[in-house]
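For reference, the structure discussed in these notes is given below.
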Amino acid sequence: MDKETLLDWYRQMVLIRRFEQRSAELYQQGKIGGFLHLYIGQEAIAVGSIAAKAEGDHVITAYRDHGHAIAVGADLNAVMAELLGKQTGVSMGKGGSMHLADVSRRYWGGYAVVGGHLPLATGIALAEQYRETENAVLCYMGDGATNIGYFHESLNLAGVWQLPVLWIIENNNYGMGTSVDRASAAPILDKAKAYGMNGEQIDGMNVMEVYETTQDCLQKIRDGEGPQFVEMITYRYEGHSMGDPLRYRTKEEVEKWREDDPIGVLERHILDEKAADQEALEAIDGEVEERIEAAVQFAEESPLPEPEALYSGIYVEA
Amino acid sequence: MRERSYRAAIREALLEAMSADERVFLLGEDIEYAGVYGVTKGLVDKFGCDRVIDTPIAETAIVGGAMGAALMGLLPVVEIQFADFIAAAMDQLVNMVAKYHYRTRTPLPLVIRAPAGAILSTHGSTGPFHSQNPEAWFAHTPGLKVALPATPYDAKGLLLAAIADMNPVLFLEQKALYNEKGDVPEGIYTVPLGQARLAREGNDLSIITYGAMLSPALRAADLLDGEVDVEVLDLRTIVPLDKEAVLTTARKTGKILIVHEATRTAGFGAELAALIAESAFEFLDGPIMRLSSPDAPVPAAPELAGYYLPDVNEIVTAVRRLSAY
């Protein structure tokens, strides 16, 4: 991988991490309300896979959706403003943390009902097939989503119609507080086989591996091999959402995963390959800090929606 | 005028829309063959199975999939085999479809057709899972539109309007009407969503109804000719609701009988009664009355099913009671 790409991934991953850390602070200060699900620990997946997609490809995910929004290039200011419920937010303050979207970038959004977006992914893929394009859909979900009905209907439909969908399972080991082995009757990869896909399992903490696997899968889809399935093993360092007391796992377990921190893995790779030195990485950290602070300032200074906005947009006006 | 059945009118609407615009396509279970009620019969011969798409039995994937295609600018028309089965896709409809435009301002031109209502015969009915009238579920969800055509003319015109609409529309076909015939013009025409039709003018009392109950309401009004001068308003769509037409007839006659096939409690009739009470109270000369199915599932047994639906005799009796005020 060339130096610019590695540094760009580093920049994006640090940007997501710091965005999430700042969001947590704003939440604790009462400036963000509702529910907030942090992507800390999983950054390599959004960054590596979105880097591998073509311009016409689509992205759709669940409620842990800040990382994907940032990786597709959504306006950082507008994403932060959405979290604060401001009129300048990506969804005009009406969606909030779990319902970001940037349709202009083919980012169809985050969805707060587990697995609820999987049927949509099949429909977007069906439309691309209907129009005979080469575009594919990257559909992200957590391990928990593989146990809900949507998963099975959607993977079956994609298999029957050979739709251009890449199913990406971000297996962070827990569906809320319930570990995968308590929730899934079979290994997740076996479920792909049930719907005619081989599927593969990779290290979701390694951005290079995520990128290469995603690229291979998208190529297979464009070569007419039908839907593809990748289980990316990862870990969230924080709770399911803010306020999760984390009684279901040990501190030792969290510490062990921190050794594989995705930013740390990439940082070591960059230094080993001499793509940049520590000083250059610190300079990137500094730039990120400025961007985050600018986004927070923008969001805090943005106006709240007017009361009339409550009624706008429920229907398309003729 | 040319006469066509309600079923044929719907098929014509699909055929006209698909001929006029390549973005229109159909999704549903066994629709290539004809669908359970034969509405889509023959369309695959004209448009091929790329546009008349058979699906697995998977209502959630059908509705959610159609939503995805609609977001991409296609114009999917979904058939759900029975309106009862929409329950299997309720999350997609209520949480995904209904709220997407509110979140992102992306148009969602999706039509969901489904046969609703009970068919009763001396042999029994279609039973508790193939006979329901779920329109109130959808009316209670901001973001959806709900059409219930009562005539072949409206079936074609409302469906063409629904396909042209940039919002999600539930199009509840009335099973009892599929074989009913009426005037249906050739070519494309639309009946606007949200415009009620005065099906019969009268001065003494108003029946407000929609869907399959229009026909017994009109027969009851005819039977009462010379005794009570009954006005009959057919809503055609309950979302959007033509509030002006509802209030105009309420102010005119001052006596309101609401008739629908759906069950009573929290049925759409309750919403109409509340609207009239709030906005035309001073014009009323009697209680707002409702006729509906009872608060019970649709029974299969013929001896029970016979009591289930409101019929002409009950409407006549209710009109006489109300007109006595």
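A short reminder: the numbers here are calculations on the coordinates, not readings from a lab. Keep in mind that what you see is a predicted model, and the values were worked out from it rather than measured. Methodologically, a virtual Cβ is constructed for each residue, glycine included, from the backbone with ideal geometry; neighbour enumeration extends over all protein chains shown.
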Estimated inter-spin distance, residue B:19 and residue A:200, nm [label 7 Å along Cα→Cβ]: 5.1
For the charge dipole of the protein assembly as shown, defined by +1 on Lys and Arg C-beta atoms and -1 on Asp and Glu C-beta atoms about the Cα centroid, which residue among B:120, A:104, A:117 has the Cα displaced farthest towards the positive pole? B:120
Would chain A count as rounded, prolate or oblate if I go by the C-alpha gyration tensor, calling it rounded below 1.5 in a/c and otherwise prolate when a/b exceeds b/c, oblate otherwise? rounded
In the stretch A:291-316, which residues have a backbone nitrogen under 19 Å from the label point lying 7 Å from residue B:105's Cα in the Cα-to-Cβ direction? A:299, A:302-316
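With n ≥ 4 as the cut-off for DSSP H runs, can you work out [θ] at 222 nm for chain A, using -39500 (n - 2.57) per run divided by the number of residues, rounded to the nearest 500?
Values: 12 runs with 146 residues, N = 318.
So the helix-based figure for chain A works out to -14500 deg cm²/dmol.
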For the protein assembly as shown, what does the convex hull of the Cα positions come to per residue, in cubic angstrom? 167
What list do you get for B:259, A:210, A:180, B:191 if you sort them by fewest beta carbons within 10 Å? A:180, B:191, B:259, A:210
Describe numerically, in nm with one decimal, the distance between label points set 7 Å from Cα along Cα→Cβ at residue B:227 and at residue A:300. 7.7
Taking the Cα centre as origin and putting +1 on Lys and Arg beta-carbons and -1 on Asp and Glu beta-carbons, what dipole magnitude results for the protein assembly as shown, to the nearest 20 debye? 1780
Hey, which lysines would be in cross-link range of residue B:46, C-alpha to C-alpha under 16 Å, not counting anything within fewer than 8 residues on its own chain? none
Loop only by DSSP, 11 or fewer other Cβ within 10 Å of the Cβ. Give me the GluC sites (Glu not before Pro) in the stretch A:1-71 that pass, ordered by residue number. A:55
Distant-in-sequence amide H partners of residue B:30 (H built 1.01 Å from N, under 5 Å): B:55
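Taking square-rooted eigenvalues a ≥ b ≥ c of the alpha carbon gyration tensor, is chain B rounded, prolate or oblate, where a/c under 1.5 means rounded and, failing that, a/b exceeding b/c means prolate? The partial results should precede the final answer.
Details: a/c = 1.72, a/b = 1.58, b/c = 1.09.
Verdict is prolate for chain B.
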Can you tell me how the stretch A:1-154 classifies by the Cα gyration tensor, rounded, prolate or oblate, using a/c under 1.5 as the rounded cut? oblate
Which of A:34, A:58, A:127 sits closest to the plus end of the dipole of the stretch A:1-130, meaning its Cα is farthest towards the positive end, when Lys and Arg get +1 and Asp and Glu get -1 on the C-beta? A:34
If every Lys and Arg gets +1 and every Asp and Glu gets -1 at its Cβ, then about the Cα centre the stretch A:208-318 yields a dipole, in debye to the nearest 20, of 600
Just the number, please: percent antiparallel of the DSSP beta bridges in chain B, rounded to the nearest 5. 25
Amide H contacts under 5 Å for residue B:261, restricted to residues at least 5 apart in sequence or on another chain and with H modeled in the peptide plane, are B:213
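What length, rounded to one decimal in nm, is gained on full extension from residue A:246 through to residue A:278, with 0.36 nm per residue of separation minus their alpha-carbon distance? Kindly include the intermediate steps, with their values, before the conclusion.
On the way: separation 32, 0.36 × 32 = 11.52 nm, distance 3.37 nm.
Gain in length upon complete extension: 8.1 nm.
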Let me know the charge dipole size of the stretch A:3-302 about its Cα centre in debye, to the nearest 20, where only the beta-carbon of Lys, Arg (+1) and Asp, Glu (-1) is charged. 1060
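Near residue A:39, within a Cβ-to-Cβ distance under 12 Å, what is the net charge of the other residues, with Lys and Arg +1 and Asp and Glu -1? Write out the running numbers ahead of the final one.
Details: positive: A:17, A:18, A:64, A:236; negative: A:20, A:43, A:65, A:170, A:238.
Residues close to residue A:39 contribute a combined charge of -1.
Taking K and R as +1 and D and E as -1, what net charge do the other residues with C-beta under 12 Å from the C-beta of residue B:248 add up to? Don't jump to the answer; show the numbers that get you there.
Working: positive: B:243, B:251, B:252; negative: B:201, B:231, B:242, B:244.
In short, -1.
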Residue B:262: net charge of surrounding residues, Cβ under 14 Å, Lys/Arg +1, Asp/Glu -1, itself excluded? -2
